[in-house]
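Here the structure comes first, spelled out in structure tokens, and everything after it is commentary.
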Amino acid sequence: MIAAVTTPAALAAKGTTSSVPIVFVAGGDPVNLGLVIGLSRPGGNITGVSILTFELLPKRIQLIREMVPNVTRISVLINPTAAVAEQLKRQVDEAAHTFERSIVVLKAGSQAEFDSVFKSLAQQQVGALVVAPDPFFNGHGEELGKLAARYSIPAIAEVRRFTTAGGLASYGPSFTDAYRQAGVYAGRILKGAHPTDLPVMQPTKFELVINLNTAKALGLTIPQSIILRADEVVE
């Protein structure tokens with residue numbers, strides 16, 4: 001059995017074998033990505049947990065708008081090398097129409113590009129940043145959070161470490177819970193279950209983390225309604 005805990009790993013595993021059972025934890029729509037035939041009946045040798053990459057991007061944009069109410073120009077940072085990059089761009093276009101805000105897409109496919117991305121925010125008069133969900137960005141969450149603090153940009157990402165490092169907020173699925181769900185499926189497969197009989201699961205727990213120290217440094221007053229919804233407040 002193969003456990004694949006990122007979208008690239010899941011796609012690579014699927015391309016490697018059609019017989020060995022695979023359990024994934026992946027972002028994006030697993031049907032559109034070609035991982036499974038359907039959510040209820042995955043088909044083939046693969047199943048797992050979809051962590052709702054696209055569905056939560058508009059929620060993050062909404063949250064940053066609530067925390068920075070006067071912002072007129074928002075940027076979304078996307079990894080252009082990601083398998084879901086084009087789908088994320090379309091989601092950004094839809095969000096710009098929905099929220100009636102100018103949303104600028106910035107790209108970084110390597111760690112070396114991070115600093116120039118943050119420098120360009122001031123040049124483009126961007127008032128807030130949304131870091132798109134991506135395993136690469138999540139892995140560098142602490143660095144991105146520190147950069148957001150250094151350049152005084154209100155920013156939201158997917159993972160908690162971004163916020164505790166100095167980012168304004170994070171909102172996303174509980175990866176601990178997602179891995180637990182995947183582990184349950186792995187156990188069932190090892191006991192004889194077939195992946196095609198195990199529907200693709202979605203997260204049941206989501207975490208909102210707010211850094212009030214960062215908010216104070218940025219001169220922002222976070223609405224009490226958001227603070228009350230937070231799972232963790234950094235003070």
Take the residues of segment 66-85 that are in contact with a strand residue (DSSP E or B) (Cβ under 8 Å, 6 or more places away or on another chain) and touching a residue at least 60 places away in the same chain (Cβ under 8 Å): which is surrounded by the fewest Cβ atoms within 10 Å (Cβ to Cβ)? VAL71
Answer yes or no: is there a residue in segment 136-152 that is surrounded by 22 or more Cβ atoms within 10 Å (Cβ to Cβ) and within 26 Å of GLY34 (Cβ to Cβ). yes
Given the condition assigned to a helix (DSSP H, G or I), assigned by TED's automatic domain parsing to the domain that holds THR196 and among the hydroxyl-bearing types (Ser, Thr, Tyr), answer yes or no: does some residue in segment 12-33 qualify? yes
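Conditions (1) assigned to a loop (DSSP other than H, G, I, E, B); (2) of a type outside the set (A, V, I, L, M, F, W, C), marked per residue:
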residue	(1), (2)
SER170	no, yes
ALA178	no, no
ALA182	no, no
TYR185	no, yes
ILE189	no, no
ALA193	yes, no
VAL209	no, no
ALA215	no, no
When segment 59-83 is examined, which residues are found to be in contact with a Lys or Arg (Cβ under 9 Å, 6 or more places away or on another chain) and assigned to a helix (DSSP H, G or I)? ILE61, ARG65
Among PHE114, PHE162, which is surrounded by 19 or more Cβ atoms within 10 Å (Cβ to Cβ), of a type in the set (Phe, Trp, Tyr) and part of a helix (DSSP H, G or I)? PHE162
Filter segment 95-111 for residues that are within 20 Å of GLU158 (Cα to Cα), loosely packed, with under 13 Cβ neighbours inside 10 Å and modelled with pLDDT under 90 and give the result. none
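Which residues, taken from segment 84-111, are assigned to a loop (DSSP other than H, G, I, E, B) and either over 21 Å from ASP29 (Cβ atoms) or more than 15 Å from the chain's Cα centre (by Cα) (or both)?
Scanning segment 84-111 gives GLU100, ARG101, ALA108, GLY109, SER110.
Kindly check whether there is at least one residue in segment 168-179 that is within 25 Å of PHE206 (Cα to Cα), surrounded by fewer than 23 Cβ atoms within 10 Å (Cβ to Cβ) and modelled with pLDDT of 95 or more.
Keep residues of segment 168-179 that are within 25 Å of PHE206 (Cα to Cα), which gives 168-179.
This time we only want the ones that are surrounded by fewer than 23 Cβ atoms within 10 Å (Cβ to Cβ), so: 174-177, 179.
When the remaining residues are screened for being modelled with pLDDT of 95 or more, the result is none.
Within segment 168-179, none of the residues are within 25 Å of PHE206 (Cα to Cα), surrounded by fewer than 23 Cβ atoms within 10 Å (Cβ to Cβ) and modelled with pLDDT of 95 or more.
The values are calculated or read from the model by the stated rules, or taken from the named source; none is laboratory data. None of the values given here were measured: they were computed from a predicted structure. All Cβ positions, even for glycine, are placed from backbone atoms using ideal geometry, and neighbour counts span all protein chains on display.
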